[in-house]
1. If the Cβ limit is 9 Å and pairs must be 6+ apart or interchain, which residue in region 211-237 that is in contact (Cβ under 8 Å) with a residue 12 or more places away in the chain pairs with which residue that is of a type in the set (Lys, Arg)?
2. So, in region 163-218, exactly how many residues are modelled with pLDDT of 90 or more and among the aromatic types (Phe, Trp, Tyr)?
3. Could you identify the single residue in Ser105, Ser142 that is more than 23 Å from Phe8 (Cβ to Cβ), outside any helix (DSSP H, G or I), touching a residue at least 24 places away in the same chain (Cβ under 8 Å) and among the small types (Gly, Ala, Ser)?
4. Output yes when any residue across region 140-161 is farther than 19 Å from Ile245 by Cα, modelled with pLDDT of 90 or more and more than 11 Å from the chain's Cα centre (by Cα), and no when none is.
5. Looking only at residues in region 190-226 that are assigned to a loop (DSSP other than H, G, I, E, B) and of a type in the set (Gly, Ala, Ser), which one is surrounded by the fewest Cβ atoms within 10 Å (Cβ to Cβ)?
6. Checking the conditions here, which among Phe8, Phe14, Phe53 is within 25 Å of Leu102 (Cα to Cα), modelled with pLDDT of 80 or more and part of a helix (DSSP H, G or I)?
Amino acid sequence: MKQIPNIFTLINLFLGCIAIVFALQTKTISIYTESDLSSHFNIPEELSVAAYFIFAAAVVDFLDGFVARLLKATSDMGKQLDSLSDVVSFGVAPSVILYQLLRISFIKEESGLDTSMAWLLPAFLVACAGAYRLARFNIDNSQTYGFKGVPIPAAGLLIASFPLILHFGNSFININEWLTNKWVLYTVIAVVSGLMVSTLPLMALKFKDYSVKNNLPKYTLLAIAVVAGILLQWLAVPVVFIVYIILSLLNKQPQS
C-alpha cells in the first residue's frame with residue numbers, strides 16, 4: 001500500500017517523458033518566399049499532443065499527493081521522487097516546447113534557418129529554475145499552506161498552454177503572433193524562471209477549513225478559473241496564472 005503513491009508519481013514521470021518525445025517530433029515542409037523559391041526546414045508538429053501529456057501529468061501529480069495522504073503513506077522518499085518527476089514533466093518538457101517555439105520564431109525571419117543554437121538554449125533556463133525551486137522546497141518545511149516562489153507545476157502548465165492556444169486559437173483575441181515572437185518568448189522565459197526562484201509569498205490551494213472568510217482568495221481564483229475556462233478556452237491558463245500571482249500578492253499570508 002505504501003508504494004501506491006510512488007506508482008502515481010512514476011506515472012507522472014512517464015507522462016512527462018512521452019511529452020518530451022512528442023515535442024521533439026518533426027516533419028519536413030516547404031515554405032515559399034516572396035521570390036517563389038522553396039526552402040525546406042523542420043518544424044514541430046506534435047506540440048499540442050505534448051501539452052496534453054503535461055496536463056495529464058499534472059492531474060496525476062495531484063493524485064499522488066491525495067493518495068499519499070489518504071493512505072497515510074507519505075515519506076521522504078516519496079517527496080524526493082515527486083520532485084524528480086516534476087523536474088521532467090513541468091521543467092524539461094515545457095522547456096522543450098519553448099525550444100521548439102523559439103525555432104519557429106526564428107524560422108519565420110529572413111535567414112532564420114542559419115540561426116545559431118545558442119539563441120534557442122535559453123529555453124532550458126526554465127528547467128534549471130524549476131530544479132532549483134524544487135530543491136529549495138524540499139529543505140524548507142515552512143511551505144505547507146503557501147509557497148515561496150511560483151511552484152513548478154504552475155509554470156509548466158502555463159508554458160504547456162501555448163501550443164494549445166496556437167492550435168485552437170481564440171475568438172476574443174489573436175495572440176498567435178505573440179506566441180511565436182522570440183522577444184515575447186524570451187520575456188516569458190525570464191519572468192517564469194525569475195518567479196520560480198523568487199521568494200514571493202504565493203498561496204497554495206490547500207485548505208485548513210472551507211470557510212469563505214479564511215479562503216476568499218482561493219475561492220475567487222477558482223471562480224475566475226471556471227469563468228475564464230468557459231469564455232477563453234486555453235487562453236484561460238495564462239489569465240488564471242496572472243490572477244493567481246496578483247491575488248497572492250494582494251493577500252499575503254504566512255506559509256504555514
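1. Hits for this filter: Lys218/Lys206.
2. Residues flagged as modelled with pLDDT of 90 or more and among the aromatic types (Phe, Trp, Tyr) within region 163-218 amount to 2.
3. Only one candidate passes the filter, namely Ser142.
4. no
5. Ser211
6. Numbers: Phe8 fails: within 25 Å of Leu102 (Cα to Cα); Phe14 fails: within 25 Å of Leu102 (Cα to Cα).
Result of the check over Phe8, Phe14, Phe53: Phe53.
The values are calculated or read from the model by the stated rules, or taken from the named source; none is laboratory data. Just so you know, these numbers come straight off a predicted model, no measurement behind them. Counting neighbours? That spans all protein chains shown, and the Cβs are built from the backbone with ideal geometry, glycine included.
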